[in-house]
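The block underneath contains the structure these notes are about, expressed in structure tokens.
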Amino acid sequence: MASNMDVRASVVDAIGETPLVALDRLSEGLPGRVVAKLEFLGPGGSMKDRVAREVIDDAEARGLLKPGGTVVELTSGNMGAGLAVVCAVRGYRLIAVMSAGNSIERRRMLEALGAEVALVPQAPGSIPGRVSGEDLALVEVRTQELVEELGAFRPDQFKNPAAVRAHERTTGKEIWEQTGGMVGAFVASVGAGGTFIGTARALKARNPAIACYPVEPATARFLAAGAAGVTDPGHKIQGSGYVMVPPLWQPELVNGYLAVTDEEAIATARLLATREGIFAGFSAGANVHAALQVASTCAPGMIVATLACDTGLKYLSTDLWSA
């Protein structure tokens, strides 16, 4: 008798293929239709699961990571969680280096998954709960120290082409297929840049007319306006707006820049929860707010795709949710 079993070999094989859902309650009355990939449904609770799997696969294939090896990575929490999932299954030691400014839920999740967390104090004058470019620079220094000290493999999501390839190979392809090739615009916040670059590459390879818009915090518009666009790097939208050009950045993929305030991101994340039943974080609020901007001025019937990047469970200690 033929077997109809559909059992994944491990949770790593459950990464990707997230659903794409219409946000018809939030985009009601607008010319465009906003759709969002529910990336928080991944094993590590964010879109960085895809990158974690890709960079570890790549390192193994290239002989950079041996059985029982150590992985050290800079993270705001999401990449660390994705790596923790993959490393738990494949038997690697993981040290996640992160700023004390990130939410405590992220740290606790990493530790629960077996990772060691190297917590780096924030730069003088930084605001707790908000990670600035200065904070990230301190995390980078500690990451480099640990890699050298331990002879560890560093995925280096900011500079690793595999981080971009993860989204080019999966996220962009999935959005294209799930919309039946009808997607007209793509919107995504930029941190390390891999999500925007990889997805935009995949979509434009299939239809160059698809408009792609990176999203930045309104007080840290470095990509759009350089130093003049930075009035306060200490915004609340974790995992984005680091006041730097990502090393793998491709400006030719950009059709226009969008900006979202902390207040807009928070309000939209709360509406996502109460109107759409989607419990996500700050960056999802920023993405959806920006996507609604595009949907309000685009051609009638255009599909505007974005990402619900991570779960709201990672922000319960922050002011995103009422006490």
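Some notes on this structure:
- Reachable aspartates and glutamates from Lys66, criterion Cα separation under 15 angstrom, eight or more residues apart if same chain: Asp57, Asp58
- Looking at the chain, the DSSP beta bridges with both ends there are about 20 percent antiparallel.
- Here the Karplus relation 6.51 cos²θ - 1.76 cosθ + 1.60, evaluated at θ = phi - 60°, turns the backbone of segment 215-230 into coupling constants of 10, 10, x, 4, 9, 9, 8, 6, 5, 7, 9, x, 4, 5, x, 10 Hz, with x for every Gly and Pro.
- Segment 131-225 - Debye-derived log10 I(q)/I(0), Cα point model, q = 0.11, 0.19, 0.20 Å⁻¹: -0.43, -0.94, -0.99
- Straight-distance crosslink candidates among aspartates and glutamates, where the alpha carbon sits under 12 Å from Lys204 and sequence neighbours closer than 8 are dropped: Glu168, Glu252
- Across the cross-link table entries Lys159/Lys314; Lys236/Lys314; Lys48/Lys314; Lys37/Lys173, which are compared at the Cα atoms, the separations over 20 Å belong to Lys159/Lys314.
- Simple Cβ-charge dipole of the chain, Lys/Arg +1 and Asp/Glu -1, about Cα centre, in debye nearest 20: 380 debye
- Mean residue ellipticity at 222 nm, helices only, the chain: -11000 deg cm²/dmol; runs of at least 4 DSSP H residues each add -39,500 (n - 2.57), and the sum is divided by the number of residues.
- Cα centroid separation - segment 1-58 against segment 117-176, whole Å: 22 Å
- Highest-MSF residue in the chain out of Met79, Met98, Met109 [GNM, Cα springs under 10 Å]: Met109
- The chain, relative contact order [Cα under 8 Å, separation at least 6], %: 22 percent
Values in this text are rule-based calculations from the coordinates and carry no lab data. This structure is a prediction, so every number in the text was calculated from the model and none was measured. Cβ coordinates were reconstructed from backbone atoms using ideal geometry, including for glycine residues, and neighbour counts include every protein chain displayed.
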